Amino acid sequence: MPGLGNGSLVLAFSSPSLRVRVDEPYQRSVEAVAGAVASVEGVGRIMAVPDFPGLDPHHAYLLVGLAGGPESAQESIPAVREAAHAAAAAASRGHVSVAVTGPAPVYDALVHTDLRSLQRAEVLAVPLALVLLVAGLGSLGAALVPLLAAGLAVLVSTGALLAFALVSDVDTLTLAVATSVGFGLGLDYALLFLLRYRHAREQGADPYEASSRARGTAGHAIAWCAGAVVLASAALLVVGVDVFRTMGLAVAVATLVATATATTLLPAVLPCIEPMLEFGRLPRRHRPDHGTKVWLRWAHHLMGRPWRYLLAAGAVLLIAATPLSDLRLGVRIDRTALVDTEAGRGMRQIEADGLANITFLAFPHTAEQGPVDTGALSDRLRADPRISTVATLDNGHDLTVLALTDRVPVDAPAAAELTASIRSAARQFLPAGQKFYATGPAAMVADFRAAMNAALCHVAALVLATSFALMFLAFRSVLIPLKALFMNALSLAASFGLLAWTTRHTADSVHLGIPLVALTIVFGVSMDYEIFLVHRITEHYRAHGDCRRAVADGLAETARPITTAAATLACVFAVLMTTRQQDLQQLGFLVATAVLLDATVVRLVLVPALMRLLDHRNWWLPPALHRLHSPLLPIPAPRSGADPATTPLSGKRKGHSL
């Protein structure tokens, strides 16, 4: 059906005073618009939608096929809109208006609305992040370093994404996720490196020696953190939907660029710009280094009451996760973002008239067979009160098409039921052995839902497996990665529970793709903070073998970078809630909530309390696995005077040569 092409438009006519079948000026206007639109390059077949019960007599509709591929069809929309408006105004002298709507114009309007919203969100995110960084680092000059590094990461990764757009589609959700992740991780990694650099300077190292030390410690940790995010985002490559594969690649590229910026550019630049770090320093009583003793007091307080805080923090997360069973997943057209658009006005009109969706049933046949007999199927579908019109088309060669319009909005839960009913009727009333295919917005949403449900299990399994393997290799332990996976899953469940609670009393459902995207982003970022914390704890444990002291010191030293990094990353995603796009609002709320819960309840309470209780068992490894690899860190040394038969990771153990 080349006349139908790869896209379609609906011309929605309306007049406050004229009626379609009675007033000749109305009919003349429709004919004039049809002729003008037919002359536009890329326009294929134009069909009038027949009358049906419930159609407003002041409304009329033309279905316009856009010939050619999807890109050329999208490019034809402005020309069709201009031709239709000019012809309607000239023929009716303003008495008849026409709105260009349909799947392609609605998508086009959403894209433009999303881009404007993202631009406003970016303008808001930068000053908020700067304020948080100044408060966390104690000076304006120091805060500008991670901010500029993050900006550079976004610039380079966006350039790579635009280059990728030359060969594949990139939607606004992918752009939002890639820029937010690039900016957030750029801040995180640059912040970690800067704090390690300043710590080395405070210990008396000269600028170049401090840079070298930071690269040897923070650079190592950043590389493993980036590996966690890249592996998590790479799990999206198994999804059978192109947009999520593109998103996975975009997040991986943004992460690698942020890593390269923090581990190559900063080590070279920091010694040269060190005087700038003191610019705009806060008064001494407000400097963040005075908070180190506060974190140390909290750490020792926690070490003395691990069970109490473990149970309390776990209860908080479990209570937050309780509404998870009320989470409603679906695909919704963001009508709020379309309120002031022509496509949105036209969509509201056609839905009110009972033309909410169009479905095409395609029946291939041989030239010798002739058109497929669809009489019985057409009668069956016309009897369905949900279906408005049924029309049969044939290309005269090898394809018969049944075009159906129905009264059920594409994003309504009942749309999936109607699509299943149409497919069931086709199997029942078509000649035996006749192949058929169903397409159209509702059918595509139904297939998308099935693909998302199947992909979620696969992606979750892949993320869990790769995260466990990475943590196992990093810390040469079985319990540390198991603990990390359990804590990450608990904080993610709590975040989804809070999201379900916010949408419980509204008509909004959570987009089907949000769990998939959030799973990879949140798991990757959570592994970042886990590595930040456990890396430092393991360093202290290696030095003196006292787990309680190691956990307290590691927590006190990493609390400030983790909370500062989490606050800035949560801020970056929280500004997505200021956009008009519901999908972006939901993603921003979910990721911001998950990051804050992970950085506070999980990293500052649950993880250190549990590590305190597990003591030396944190680094337990079955004897058979000791020969497999070397850990990220050297094997912790046993405590002085400790029994080597019971000390973890010691050189000898009863009955085993390690």
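The values are calculated or read from the model by the stated rules, or taken from the named source; none is laboratory data. Since we're looking at a predicted model, the values are computed, not measured. Glycine also receives a Cβ, built like all others from the backbone with ideal geometry; neighbour counts cover every protein chain displayed. Remember, those area values only see protein heavy atoms, side chains included, never the ligands or the DNA or RNA. Shrake-Rupley method; radii C 1.70, N 1.55, O 1.52, S 1.80 Å.
What to note about this one:
- Distance between segment 293-368 and segment 87-144 - C-alpha centres, whole angstrom: 21
- Spin-label pair Leu324/Arg120, simplified geometry with 7 Å Cα→Cβ offset, distance in nm: 3.4
- Placing pseudo-labels 7 Å out from each Cα toward the beta carbon at Ala391 and Glu75 gives an inter-label distance of 2.7 nm.
- Probe 1.4 Å, accessible area per residue of segment 112-260, Å²: 38
- Carbon and sulfur %, accessible surface of the chain computed with the full protein complex present, 1.4 Å: 62
- Local net charge near Ala36, Cβ-Cβ under 12 Å (Lys/Arg +1, Asp/Glu -1): -1
- For segment 178-225, size of Cβ-based charge dipole, Lys and Arg +1, Asp and Glu -1, in debye: 40
- Once all protein chains are placed together, Met577 keeps about 90 Å² accessible to a 1.4 angstrom probe.
- Extension gain for Arg548 to Ala469 (0.36 nm times residue separation, less C-alpha to C-alpha distance): 25.8 nm.
- Alpha carbon centroid spacing (whole Å) that separates segment 536-565 from segment 429-506: 33
- By definition, a body whose alpha carbon gyration tensor gives a ≥ b ≥ c is prolate when a/c is 1.5 or more and a/b is larger than b/c, and segment 537-631 fits this prolate description.
- When the inverse distances between all different Cα atoms of segment 469-510 are averaged and flipped, the Kirkwood radius reads 12.2 angstrom.
- Pairwise centroid distance, computed over Cα atoms, of segment 379-396 with segment 151-173, Å: 43
- About the centre of its Cα atoms, the chain shows a dipole size close to 3300 debye [charges on the beta carbon of Lys, Arg (+1) and Asp, Glu (-1) only; nearest 20 debye].
- Dipole of the chain [Lys/Arg +1, Asp/Glu -1 at C-beta], most positive-end residue of Ala469, Leu533, Ser233: Leu533
- Projecting the Cα positions of Gly344, Thr261, Leu327 onto the charge dipole of segment 207-350 (unit charges on Cβ atoms of Lys, Arg, Asp and Glu, taken about the Cα centre) puts Leu327 furthest along the positive direction.
- Top positive-direction residue, dipole computed over the chain with Cβ charges, set Ala312, Leu132, Trp298: Trp298
- Helix content alone sets the calculated 222 nm mean residue ellipticity of the chain: runs of n ≥ 4 DSSP H residues at -39500 (n - 2.57) each, divided across all residues, give -20500 deg cm²/dmol.
- Computing FRET efficiency as 1/(1 + (r/R0)^6) for Trp501 and Arg281, where r is the C-beta to C-beta distance and R0 is 45 Å, gives about 0.60.
- Inter-label distance for Leu613 and Leu162, nm, one decimal - labels placed 7 Å from Cα along Cα-to-Cβ: 5.2
- Computed about the Cα centre, the dipole magnitude for segment 261-376 is approximately 1440 debye when only Lys and Arg (+1) and Asp and Glu (-1) carry charge, each at its Cβ.
- His199-Tyr107 FRET efficiency (beta carbon distance; Förster radius 45 Å; 0.05 resolution): 0.35
- Taking Lys and Arg as +1 and Asp and Glu as -1, the other residues whose beta-carbon sits under 15 Å from that of Gly370 total -4.
- Accessible area per residue, Å², segment 406-489 with all protein chains present, probe 1.4 Å: 45
- Take the Cβ atoms of Ala450 and Ala362, set R0 to 22 Å, and the FRET efficiency comes out at 0.70.
- Longest segment of the chain lacking GluC sites (Glu not before Pro) that sit in a DSSP loop with at most 16 other Cβ atoms within 10 Å: 42-367
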